[in-house]
Amino acid sequence: MKDPRPLLSLDEALALLVAGSTPYAITQTEVVSTFEALGRVLAADVLSGLNVPPEDNTSMDGYVLRAADVPVAGTVLPVSQRIPAGHIGQALLPGTAARIFTGGQVPAGGDAVVMQEQCTAVAGDGLGRVQVNTLPTAGQWIRRRGEDVQQGAAVLQRGQRLSPQALGLAASVGAATLTVLRRPRLALFSTGDELQNPGEVLRPGAIYNSNRYTLRALAQAAGCEVIDLGIVGDTLAATRAALREAASLSDLIVTCGGVSVGEEDHLKPAARAEGELDDWQIAMKPGKPLAFGRVRRAGPGGGAALLVGLPGNPVSAFITFLLAVGPVLRVIQGMDSASPAGLSMRADFDWPRPDRRREFLRVQLNTEGGLSLFANQSSGVLTSAVWADGLVDNPGAQAIARGDTVRFLPLALLVSR
């Protein structure tokens, strides 16, 4: 049966998702150890209470000296002191050099470091002497005080998802704890009498519920606390009961299946009975059917949980989570919801018969610096999503010829945003 509803563009759908999600932004915060903050979203700027580095230091093992004391290559200077990292030396005496090690604080009077490979140690009294075999320049191999971070600067911003390198930066300014938003609570269930869980013996006509594993992992990668409600049978009563339970436990409900036009698709009437629902057809491939709405919460406090209903085909569910659920999660965490800019890449394939809808083609980076296409672009072929490095975002009705420039969306970027 042909669906008579008009198609929304993906951009139109995203605008509606963002507008509908904004009032549901999470405001509750908690303080967590910086050790445990990976993937969390900052609720407050991180300000530096110190300069990084705190003082001038050397980026090389070698000798610190005054550049003016080495007028010609081969000059020999007495070594007056030894400065390991973590130790503070004495002011450098004119006409001398100090042995210094990476990270060591540059003593007063020193203005250049010569790496040890360009020096020759000469035996002598005390710490001996050093022959400097190159002409130094003032400032060389010295990391200046505050070169990385100035005291008082905001090194990380509110609304930023914390990456491994961001945690290292927070630690570098002494932040042992961070104020973050509480994790979004995402309730997940799949609908369909044909679904079974891995580990069970498949009955005739059944399939394993791969979407449960894909979507749960995507939600976890997005920083969510996942409430997994498993498989819900194909009845209106079961679907309504699952929606009520999910709403009581979560900020966002994500369902898989039941958003098409079949007689056994019960999500839409169930969601309308328990709240409200917009039932969309999106001009994208894969992932045409999409539902967005709210499910009322019973009891004190009331309110509602957001609901996104995804299509049931494995690749459709995967891609629509990335492109539709991802922005909703970013909005409710106070993050930038804009789509990634993508990369301009060379297509090393032909796509002569494009769909009229906007297509997201599974591709892989190849050794020639271009993109190769997975042979089977069906929405049911999950191997394409495992093989792929990313998606080509192809406008509707646009053929691609080998050598054309296309817009490439790396999966690593989409999954981790």
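One residue stands out among those in the stretch 79-109 that are in contact with a Leu (Cβ under 8 Å, 6 or more places away or on another chain) and either in a strand (DSSP E or B) or not assigned by TED's automatic domain parsing to the domain that holds VAL122 (or both): the one that is surrounded by the most Cβ atoms within 10 Å (Cβ to Cβ), which is ALA97.
Among strands (runs of 3 or more DSSP E) entirely within the stretch 129-202, having at least 3 residues that are under 31 Å from the mean Cα position of the chain (by Cα) singles out 154-156, 177-181, 185-191. When the stretch 322-344 is filtered for residues that are within 22 Å of GLY287 (Cα to Cα), of a type in the set (A, V, I, L, M) and part of a loop (DSSP other than H, G, I, E, B), the ones remaining, listed by number, are ALA338, ALA341.
Quick grid of which residues meet (1) basic (Lys, Arg); (2) touching a strand residue (DSSP E or B) at 6+ places or on another chain (Cβ under 8 Å); (3) assigned to a loop (DSSP other than H, G, I, E, B); (4) closer than 21 Å to LEU218 by Cβ:
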position: ARG346; (1), (2), (3), (4): yes, yes, no, no
position: ARG353; (1), (2), (3), (4): yes, no, yes, no
position: VAL363; (1), (2), (3), (4): no, yes, no, yes
position: GLY369; (1), (2), (3), (4): no, yes, yes, no
position: LEU414; (1), (2), (3), (4): no, yes, no, yes
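Quick check: anything in the stretch 370-390 over 25 Å from GLY312 (Cβ atoms), polar (S, T, N, Q) and not assigned by TED's automatic domain parsing to the domain that holds THR320? Within the stretch 370-390, one or more residues are over 25 Å from GLY312 (Cβ atoms), polar (S, T, N, Q) and not assigned by TED's automatic domain parsing to the domain that holds THR320. Screening ARG144 with (1) closer than 16 Å to SER80 by Cβ; (2) of a type in the set (D, E, K, R); (3) in contact (Cβ under 8 Å) with a residue 24 or more places away in the chain gives one miss only, at (1).
Selection of the stretch 292-321 for residues being assigned to a strand (DSSP E or B) and within 25 Å of the chain's Cα centre (by Cα) yields PHE292, ALA305, LEU306, LEU307, VAL308, GLY309, LEU310. Remark: pairs (first residue in the stretch 112-135, within 13 Å of THR96 (Cβ to Cβ) and free of Cβ contacts under 8 Å to residues at least 60 places away in the same chain; second residue among the basic types (Lys, Arg) and exposed (fewer than 14 other Cβ atoms within 10 Å of the Cβ); Cβ separation under 9 Å; 6+ apart in sequence or on different chains) = LEU127/ARG82. Residue count for the stretch 177-236 satisfying the condition of being farther than 22 Å from LEU322 by Cα and basic (Lys, Arg): 1.
Please work out which one of (1) assigned to a helix (DSSP H, G or I); (2) under 28 Å from SER172 (Cβ atoms) is the condition ALA68 fails and give its number. Tallying (1) assigned to a helix (DSSP H, G or I); (2) under 28 Å from SER172 (Cβ atoms), ALA68 fails exactly one: (2).
The values are calculated or read from the model by the stated rules, or taken from the named source; none is laboratory data. Everything numeric in this text was worked out from a predicted model, so none of it was measured. Reconstructed Cβ throughout: ideal geometry from the backbone, glycine too, with neighbour counts over all protein chains shown.
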